[in-house]
Amino acid sequence: MNPKKDTQKSTKRSTEITQKYQGFTDEERAAMKARAQELKAETSGDKTNGESAVLAKIAEMPEPERTMGLRLHAIIQASAPALSPRLWYGMPAYAKDGKVVCFFQSAQKFKSRYATLGFSDEAKLDEGAMWPTSFALKELTAAEEARISVLVKKAVS
């Protein structure tokens, strides 16, 4: 026997990983299930009215997000009538030619401290080499409403 072989250490890690991957959160799993249902409805030919689904989802939100969601819905519809309301991962969203351009994520969706107005890569918001694609919303004042209207118009231009 070779004495070196007896004293060689294993190449395996000697420290244990203290945190194990727990997988997706309950909120993430719920969003994926919602998206799967949306895709199933789309492929089965179920042409449920997108606007009624969006308004029903907004109605489920707690205040003040319910009011904010309704106001955003009105602003987006007025600013970009070409956008079609639909659900996207269980969130109110607005699409052009079947592709989501913007969406409203309630704070309760992922237990965050603010709601989010987000834009997908379909939105034409490019400004140089870097630009924002989501905005935190705590409340809607006239200034925010005007800015959102400009952003939505630019996103679909």
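The values are calculated or read from the model by the stated rules, or taken from the named source; none is laboratory data. Only a predicted model underlies this, so the values are computations on that prediction, with no experimental measurement involved. FYI the Cβ positions are ideal-geometry reconstructions off the backbone, even for glycines, and counts take in every protein chain you see.
Scanning region 38-58 turns up no residue that is among the small types (G, A, S), out of contact with any Ser or Thr (no Cβ under 6 Å at 6 or more places or on another chain), in contact (Cβ under 8 Å) with a residue 60 or more places away in the chain and part of a loop (DSSP other than H, G, I, E, B).
Only one of the numbered conditions (1) modelled with pLDDT under 90; (2) assigned to a loop (DSSP other than H, G, I, E, B); (3) in contact with a helix residue (DSSP H, G or I) (Cβ under 7 Å, 6 or more places away or on another chain); (4) not β-branched (V, I, T) is violated by P62, and that is (1).
Could you tell me whether V152 is surrounded by 19 or more Cβ atoms within 10 Å (Cβ to Cβ), touching a Ser or Thr at 6+ places or on another chain (Cβ under 8 Å) and free of Cβ contacts under 8 Å to residues at least 24 places away in the same chain? Answer is no for this residue. Hey, can you tell me all the residues within region 66-103 that are touching a strand residue (DSSP E or B) at 6+ places or on another chain (Cβ under 6 Å) and within 21 Å of D26 (Cα to Cα)? Once the filter is applied, which keeps residues that are touching a strand residue (DSSP E or B) at 6+ places or on another chain (Cβ under 6 Å) and within 21 Å of D26 (Cα to Cα), region 66-103 yields W88, M91, P92, F103.
Pairing each residue of region 121-132 that is at pLDDT 95 or above with any residue that is of a type in the set (D, E, K, R) and part of a loop (DSSP other than H, G, I, E, B), provided the two are 6+ apart or on different chains, yields C-beta distances under 9 Å for E122/D97.
Here is a yes/no grid of residues against (1) touching a helix residue (DSSP H, G or I) at 6+ places or on another chain (Cβ under 6 Å); (2) buried (at least 18 other Cβ atoms within 10 Å of the Cβ); (3) hydroxyl-bearing (S, T, Y):
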| position | (1), (2), (3) |
| --- | --- |
| A36 | no, no, no |
| A41 | no, no, no |
| I58 | yes, yes, no |
| L72 | no, yes, no |
| P92 | yes, yes, no |
| A95 | no, yes, no |
| K109 | no, yes, no |
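Looking across region 124-144 at every residue that is in contact with a Leu (Cβ under 9 Å, 6 or more places away or on another chain) and more than 15 Å from Y94 (Cα to Cα), the one that is surrounded by the most Cβ atoms within 10 Å (Cβ to Cβ) is identified as L137.
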